[in-house]
Structures are given as C-alpha cells and as structure tokens.
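Remarks on the structure that follows.
The values are calculated or read from the model by the stated rules, or taken from the named source; none is laboratory data. Everything quoted here is computed from the prediction, not taken from an experiment. Cβ sites come from the backbone with ideal geometry, for glycine too, and all protein chains shown count toward neighbours.
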Amino acid sequence: MAGCFRSATEGLQYVERPFKTTIVIHTGHGKQFGLSSPTSRRRAAMPTVVIAGVIEKKGKVLLARRGPGRPHAGLWEFPGGKIEEGETEQRCLERELKEELGLLGRARRFIAQSRCVCEDGSEILLRALLFEPHTLDDLELRVHDRYEWTDLSSLELKELAPADIEIAEKTKDFFLNFKTTFEVGKIVTGAEIEEEFLCSLQSGMCRSRRTGTLCLISKHSTDVVYEDRWEDDVLYYTGMGQVGDQKMDRQNLTLKESQTNGVQVHLFEFFENVGYLYRGRVHLIDEPFREHQKDREGNVRLVWVFPLELMESDGAVPEKFIKETFEKRDRRARKKTNEELASLVSEGTGKASRRRAISEEYVRDPHVAEYAKRRAHGVCQLCGKAAPFKRPNGEAYLECHHVEWLSRGGTDSVQNTVALCPNCHRKMHVLDSDEDRAALLEKAQEDL
C-alpha cells in the first residue's frame with residue numbers, strides 16, 4: 001500500500017514467502033529496507049490493514065451501518081475494506097467503495113489512522129483517506145443496511161465500530177480545526193496545494209469551505225495582472241477581479257471578514273522556475289482600501305487592496321528569487337514600444353515595493369583583493385584604460401572580479417582575481433564572453 005504510518009508516500013508492504021516473513025519498509029526516497037524473521041509454526045502477528053473512505057459534503061460525512069451477520073452488526077463505520085497484496089491505499093479504497101456502495105471516484109489525501117485490538121487478540125490498522133465521488137446519485141447498499149449523512153459536530157453521538165471511533169474524532173478535528181502539514185518556506189506545486197487544502201487553484205484567491213481556509217496566491221511573473229507590493233513585512237495584496245472595477249464580494253468579502261468569520265488565510269508566493277513558496281498564515285492589519293490599477297485589458301480601474309501581515313515569519317525571501325523575477329520583467333519591458341511604455345508609466349501607482357531578502361554572500365580574502373588591485377597599477381585589466389576616478393585618499397577606484405565566478409566553483413585566489421573598472425565589471429557579469437574570460441585569466445597569472 002502507499003502508506004502506513006507517517007504519510008501517504010511512506011509505508012509498509014507485506015510480502016509472504018515460504019520460510020520467512022519479510023516487512024519491506026518504503027521510505028519514499030527511492031530506498032527500501034527489509035526486516036526478516038524466520039517463520040515459526042506460529043505466524044508472527046501482523047495488523048490487518050483496512051482502508052476507510054471519508055466522504056464529506058457541506059459539513060456532513062457519510063457513514064454506513066454494518067449489516068446483519070457481520071462483525072459489529074448494527075454499528076456505524078466509514079465504508080471501506082481490507083487492502084490486498086500489491087494494492088496502494090488509493091486503489092484499495094476506490095475498489096472497495098465501488099464494490100460496497102457502487103461509488104466511482106478518486107481517493108485523495110490521508111486524513112487519520114487508528115489501531116484497534118480485536119477480541120481474538122488480532123490487531124486492525126485503520127487508515128482513512130478522503131474520497132471524492134463523481135456522483136452520489138447512484139449510491140447502493142450492497143453490504144450495509146443503511147447509510148446516513150452525519151454532521152461533523154455530532155459524529156461522536158453515533159454508535160461507531162471500535163476502530164472508527166478515533167477516526168471520527170480526528171476527522172472532525174481535521175475539518176473543524178484544520179492544520180496544514182506544510183512548513184513555512186516549503187516550495188510546493190499547485191497540485192500539492194489543491195491536495196493539502198482541498199481547494200481549486202482557478203484564481204489567486206482559493207476558498208475551501210471543507211478546510212475553512214482561503215489560499216492567497218501572490219504571483220511574481222511576467223504575465224501578472226495584479227500589482228501586489230511589499231512594504232517591509234506588510235503585503236498590500238490586490239483583490240479578485242481581472243476586468244473592470246473590483247467589487248467587495250465573493251473572496252474579497254471573505255478576506256475582508258476573515259478576522260471574524262473563522263476562515264484561516266494562507267499565503268503562497270509564486271516565482272517562475274521555482275514554484276509556490278508557502279509563507280504561512282496572514283491576517284489583516286488594517287481596513288482594505290481602493291486604488292487605481294490597470295486591468296487585464298489595459299484599462300484603468302479601481303481595485304481593492306488588503307494590508308496583510310505574516311503571522312509565523314517575516315517577509316524575507318531568498319534574494320535570488322527577487323532578482324530572477326526582476327530580470328524577467330526587465331527583459332519584457334525592453335520589448336515594449338515607446339507608446340506602450342509611455343502608457344504604462346503614466347498610469348502607474350508610483351509606489352515601489354520594498355521588502356527584505358535573504359542573501360548569500362561569499363566572504364572574500366581581503367589580501368587577494370588588495371594584491372589584484374596593486375597588480376593592475378590603476379588600470380582596468382580588460383579595457384586597458386585608467387580607473388574612471390579616484391577615492392578620497394587618492395587611490396584609483398577599481399573593482400575586483402573573479403574570472404571564474406565563485407558561484408560556479410571558482411577559487412578566491414590571485415590566479416582567479418583581476419581588477420576592473422565598474423563598466424567592464426558589469427560587462428563581465430552581463431556578457432561573460434569566453435574571449436574576455438580567457439584574456440583575464442592570462443592577466444591573473446601575472447605577478448605584482
């Protein structure tokens with residue numbers, strides 16, 4: 001099966017062999033470990049793994065009552081059944097619900113698990129997964145004698161089968177007191193967000209009534225319509241609506257009332273070639289206000305702006321994410337016509353985004369830098385011209401450059417360091433031509 005203890009991607013698979021029992025532990029990282037023990041006349045006790053389905057609809061879950069002649073007849077349970085050899089948990093649940101209730105659908109994320117010891121001493125490991133049926137119109141009772149939609153708030157009042165009691169408690173807690181398994185700073189995919197929060201990423205504001213959450217997506221890409229901006233640790237988030245004046249309805253209203261409606265608000269920042277960066281929960285720190293921005297069709301309109309603050313971290317992100325985004329937008333701006341640029345700058349808000357970034361700096365040897373500058377004798381080692389100006393103390397202003405960049409594995413040594421004028425230094429970081437690099441490497445081999 002796909003998982004047994006920690007998540008739906010890790011677990012145990014039971015393999016029977018003639019002379020010994022082997023437990024194969026799948027780590028989810030491409031590795032597996034086998035624990036073997038000789039089989040005696042008495043078989044080693046192994047839990048019976050049962051997969052149950054949690055089917056939720058508008059705050060209610062589906063329970064089925066065990067029919068006459070079955071163990072625990074008359075008690076209610078989450079429908080499902082035993083996993084077969086070689087099956088994943090998801091495949092098992094989809095098969096069992098088709099066989100028991102005639103339901104077709106898709107098994108999704110893990111919800112809860114419980115262990116129960118039976119009267120004969122055997123153990124049941126019950127794993128509950130969320131199940132989304134294609135339709136509930138053709139529900140059939142093939143092994144149960146009754147089904148019922150039960151409010152999450154009153155699950156504990158039902159007479160449940162022993163193994164289902166703990167599942168009911170955890171299911172209620174999952175939906176009424178949702179806690180994400182995402183850690184702040186984790187990079188995830190859109191599909192993982194949908195699976196975790198049970199939402200649909202069809203817009204930048206994704207509401208899930210099932211988990212009581214609102215996921216906000218702040219996109220940093222070249223095709224973005226909205227102008228979200230940071231001012232230190234406060235995000236000014238633009239509301240929903242791509243064309244025309246935005247209205248205070250739907251998810252804009254949900255966000256405005258999030259201080260009192262009980263909806264958890266979670267923030268993700270999307271960076272191209274990186275993915276969705278989970279920032280954690282956010283909350284409103286002031287009243288939303290209106291300002292002018294352009295819509296998807298280029299027309300000026302009124303939008304709603306929500307001042308948000310992170311609850312679990314500050315607003316800092318890796319500097320390279322910001323630089324890569326700026327460079328892409330810069331390249332896009334260079335392709336605009338003069339008329340397009342004039343239109344864009346005339347309608348801008350004039351408010352610059354300001355935020356903290358996490359940078360990675362190399363600690364360079366000051367002696368290597370000084371050696372390279374003295375070796376240049378005040379002349380740029382690429383263009384051959386004198387330094388463009390002097391420092392207040394009279395020294396020629398040149399900048400040190402590592403011919404093979406440190407970020408590419410170059411060394412911080414005199415054989416890899418040269419002194420350049422600011423113009424040539426920038427040229428090497430923009431063009432970095434093979435010809436210039438070869439010439440500078442020769443210069444770097446010279447002595448003082």
Original post:
Taking region 390-441 as the search range and keeping residues that are acidic (Asp, Glu) and within 21 Å of Asp365 (Cα to Cα), which one is surrounded by the most Cβ atoms within 10 Å (Cβ to Cβ)?
Top reply: Glu399
Original post:
Taking only pairs six or more apart or across chains, which ones have beta-carbon atoms under 6 Å, a first residue in region 394-417 that is in a loop (DSSP other than H, G, I, E, B), and a second residue that is modelled with pLDDT of 95 or more and aromatic (Phe, Trp, Tyr)?
Top reply: Tyr397/Phe389
Original post:
Looking at Val305, Val282, Val265, which one is within 15 Å of Ile217 (Cα to Cα), part of a strand (DSSP E or B) and free of Cβ contacts under 8 Å to residues at least 60 places away in the same chain?
Top reply: Val265
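Conditions tested, residue by residue: (1) more than 30 Å from Glu156 (Cβ to Cβ); (2) modelled with pLDDT of 95 or more.
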position	(1), (2)
Lys179	no, no
Thr189	yes, yes
Glu192	yes, yes
Ser203	yes, no
Arg209	no, no
Lys219	yes, no
Val224	yes, no
Glu231	yes, no
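Look through region 334-359, keep the residues that are outside any loop (DSSP other than H, G, I, E, B) and at pLDDT 75 or above, and return whichever of them is nearest to the chain's Cα centre (by Cα).
Narrowing region 334-359 to residues outside any loop (DSSP other than H, G, I, E, B): 334, 338-346, 354, 357-358.
Those left that are additionally at pLDDT 75 or above: 334, 338-340.
Values: Arg334: 32, Asn338: 39, Glu339: 39, Glu340: 35 Å.
Ranking the candidates gives Arg334 first.
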**OP:** Can you confirm whether region 175-192 contains a residue that is buried (at least 18 other Cβ atoms within 10 Å of the Cβ), closer than 29 Å to Leu63 by Cβ and of a type in the set (A, V, I, L, M, F, W, C)?
**Re:** yes
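Would you mind finding the one in Thr180, Thr171 that is among the polar types (S, T, N, Q), closer than 15 Å to Arg210 by Cα and in a helix (DSSP H, G or I)? Lay out the reasoning, then the answer.
Numbers: Thr180 fails: in a helix (DSSP H, G or I).
Sole residue among the options that is among the polar types (S, T, N, Q), closer than 15 Å to Arg210 by Cα and in a helix (DSSP H, G or I): Thr171.
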Original post:
Which of the residues belonging to region 250-266 are within 13 Å of Glu287 (Cβ to Cβ) and in contact with a Leu (Cβ under 7 Å, 6 or more places away or on another chain)?
Top reply: Leu255, Ser258, Gln259
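Conditions tested, residue by residue: (1) outside any strand (DSSP E or B); (2) under 26 Å from Gln242 (Cα atoms); (3) of a type in the set (A, V, I, L, M).
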{"site": "Arg142", "(1), (2), (3)": "yes, no, no"}
{"site": "Asp164", "(1), (2), (3)": "yes, no, no"}
{"site": "Ile193", "(1), (2), (3)": "yes, yes, yes"}
{"site": "Arg207", "(1), (2), (3)": "no, yes, no"}
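Scan the strands (runs of 3 or more DSSP E) fully inside region 71-134 and keep the ones with 1 or more residues being touching a strand residue (DSSP E or B) at 6+ places or on another chain (Cβ under 6 Å), polar (S, T, N, Q) and within 12 Å of Ala52 (Cα to Cα).
Answer list for region 71-134: 105-117.
Could you say which residue among Tyr226, Tyr147, Tyr237 is crowded, with 16+ Cβ neighbours inside 10 Å, in a loop (DSSP other than H, G, I, E, B) and in contact (Cβ under 8 Å) with a residue 24 or more places away in the chain?
Tyr226
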**OP:** Residue by residue through region 240-255, note down the ones that are out of contact with any helix residue (DSSP H, G or I) (no Cβ under 6 Å at 6 or more places or on another chain) and buried (at least 18 other Cβ atoms within 10 Å of the Cβ).
**Re:** Gly241, Gln246, Gln251, Asn252, Leu255
**OP:** Give the residues of region 308-320 that are closer than 18 Å to Tyr237 by Cβ and of a type outside the set (D, E, K, R), sorted by residue number.
**Re:** Leu308, Leu310, Met311, Ser313, Gly315, Ala316, Val317
